[in-house]
Structures are given as C-alpha cells and as structure tokens.
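J.: What follows is a single structure, and I will ask about it in a moment.
The values are calculated or read from the model by the stated rules, or taken from the named source; none is laboratory data. Quick caveat, the model's predicted, so the values are computed rather than measured. Please note: Cβ atoms are built from the backbone with ideal geometry, for glycine as well, and neighbour counts cover all protein chains shown.
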Amino acid sequence: MKVIGLAGWSGAGKTTLLTRLIPHFIAENMRVSVVKHAHHDFDVDVPGKDSWRHRQAGAAEVLVSSSRRWALMHELDGAAEPALPQLLAKLSSVELVIVEGFKSERYRKIEVHRTNNGKPTLFPDDPDIVGIATDSSVETTLPVAHLDDIPAIAAMIKALAVEI
C-alpha cells in the first residue's frame, strides 16, 4: 500500500482536488482510500438513531453494518488522538491511500496552494513536502503541476507516494 498526503491551508482546494483525483485513479483500476483529518468535533452518526443512542449510553465502540457499508465509531474518551501510522494500520489494503490534512505529521505530502487564498506556501518550512499542485508559478526544485492538470498531479502522486 502506498501513501501520500495533500497538505495546504484551509480553502486551498484539497478536497476539491481529491474528488477530481479519485475518479482518475479508479479509471486506472486503482483502489484508493482516503484518511481525512478533522480539526473539530465531528460525528458520522445521526442523533436519535440506535447507534447514536448506544454511544450516548457509553459504548466504547459501535459498529454499524448494512448490505452497502459498515462504519466503526470509536470513542477516545480523553485518550490522545491516534497518530497517522496507527490510523493507516486500520485500513484495508488498497493500491493508494491519500491523506488529507495531518499537516504537522511527518510523512510525504504534496502541497495544494491556491494564490487567491492569500496564504504563503508551506514548502519552504516543511521538509516533508515533495511536490506542489498550484494555480501559479512557484520557484522551487520540487515537482510542480497546475491544479487543473489532473493527469500530471496523478502522475506526481504515483511517483512520490511511498510504500508502507
């Protein structure tokens, strides 16, 4: 399983880029998984549903399954947030895992930078950035692709992702 990340400031277009890259990889017969970091309290459950009520009652984990999908919700109950390697170990084997976020973790990342976002690039200060997807020109020795050039970004991802 190979892993690469997309890192960038909020509003840079990481999620939009991912939703364009995933179908590209699927068309190449690759199975792709995504690990997304949330910066706030989130919930995948629906208040009032049985699984939500089980969690509210204090269950440490609730696994919900149907003929279409399953989801495991694990309550941290004050424990530290798992590090990226711990989360990656929970995934089923696929050809490629793309990580969105986890900016401060040490792993290979492609920076997503949008000029009108008004934020500086991350790459001069983050040694784990190995490529840049941007809508402007950037002076660097790193590989660079335009945000709208999905085949070029996909090729960069495949070339720079590392086996775990």
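J.: For F42, only one of the following conditions fails: (1) under 27 Å from L96 (Cα atoms); (2) in contact with a helix residue (DSSP H, G or I) (Cβ under 9 Å, 6 or more places away or on another chain). What is its number?
T.: If we test F42 against (1) under 27 Å from L96 (Cα atoms); (2) in contact with a helix residue (DSSP H, G or I) (Cβ under 9 Å, 6 or more places away or on another chain), just (2) comes out false.
J.: Taking V34, is it within 19 Å of L147 (Cβ to Cβ) and either assigned to a strand (DSSP E or B) or in contact (Cβ under 8 Å) with a residue 24 or more places away in the chain (or both)?
T.: yes
J.: Right, another one. Being acidic (D, E) and surrounded by 17 or more Cβ atoms within 10 Å (Cβ to Cβ) is the filter; apply it to region 88-123 and report the residue that is modelled with the lowest pLDDT.
T.: Looking at residues that are acidic (D, E) and surrounded by 17 or more Cβ atoms within 10 Å (Cβ to Cβ), I get E100.
J.: In region 1-37, which residue that is surrounded by fewer than 16 Cβ atoms within 10 Å (Cβ to Cβ) and of a type in the set (S, T, N, Q) is farthest from Y107 (Cα to Cα)?
T.: Restricting to residues being surrounded by fewer than 16 Cβ atoms within 10 Å (Cβ to Cβ) and of a type in the set (S, T, N, Q), the top hit is N29.
J.: Residue by residue through region 60-83, note down the ones that are touching a strand residue (DSSP E or B) at 6+ places or on another chain (Cβ under 9 Å) and more than 24 Å from E105 (Cα to Cα).
T.: Answer for region 60-83, where residues must be touching a strand residue (DSSP E or B) at 6+ places or on another chain (Cβ under 9 Å) and more than 24 Å from E105 (Cα to Cα): A60, E61, V62, L63, V64, S65, W70, A71.
J.: Can you tell me how many residues within region 39-60 are within 26 Å of A83 (Cβ to Cβ) and without any contact (Cβ under 8 Å) to a residue 40 or more places away in the chain?
T.: So the count comes out to 10.
J.: While we're here: From (1) in contact with a Leu (Cβ under 9 Å, 6 or more places away or on another chain); (2) on the phi < 0 side of the Ramachandran plot; (3) of a type outside the set (A, V, I, L, M); (4) surrounded by 12 or more Cβ atoms within 10 Å (Cβ to Cβ), pick out the condition that doesn't hold for H146.
T.: Single failed check for H146: (1).
J.: Answer yes or no as to whether D50 is acidic (D, E) and modelled with pLDDT of 90 or more.
T.: yes
J.: If a residue has to be touching an Asp or Glu at 6+ places or on another chain (Cβ under 7 Å), of a type in the set (A, V, I, L, M) and under 15 Å from L17 (Cα atoms) to count, how many in region 100-132 make the cut?
T.: Summing the residues that are touching an Asp or Glu at 6+ places or on another chain (Cβ under 7 Å), of a type in the set (A, V, I, L, M) and under 15 Å from L17 (Cα atoms) in region 100-132 gives 1.
J.: So which strands (runs of 3 or more DSSP E) stay within region 77-164 end to end and still have 2 or more residues that are free of Cβ contacts under 8 Å to residues at least 60 places away in the same chain?
T.: 129-134, 144-146
J.: Would you be able to say whether some residue in region 38-59 is hydrophobic (A, V, I, L, M, F, W, C), surrounded by fewer than 13 Cβ atoms within 10 Å (Cβ to Cβ), on the phi < 0 side of the Ramachandran plot and not in a loop (DSSP other than H, G, I, E, B)?
T.: Scanning region 38-59, I find no residue that is hydrophobic (A, V, I, L, M, F, W, C), surrounded by fewer than 13 Cβ atoms within 10 Å (Cβ to Cβ), on the phi < 0 side of the Ramachandran plot and not in a loop (DSSP other than H, G, I, E, B), so the answer is no.
J.: Would you pick out the residues in region 64-76 that are in a strand (DSSP E or B) and surrounded by 10 or more Cβ atoms within 10 Å (Cβ to Cβ)?
T.: V64, A71, L72, M73, H74, listed by residue number.
J.: Could you count how many residues in region 97-136 are in contact with a Pro (Cβ under 8 Å, 6 or more places away or on another chain) and not small (G, A, S)? I'd like the intermediate steps shown before the answer.
T.: Taking region 97-136 and keeping what is in contact with a Pro (Cβ under 8 Å, 6 or more places away or on another chain), we get 130-132.
Applying the additional criterion that residues be not small (G, A, S) yields 130, 132.
Final tally of qualifying residues: 2.
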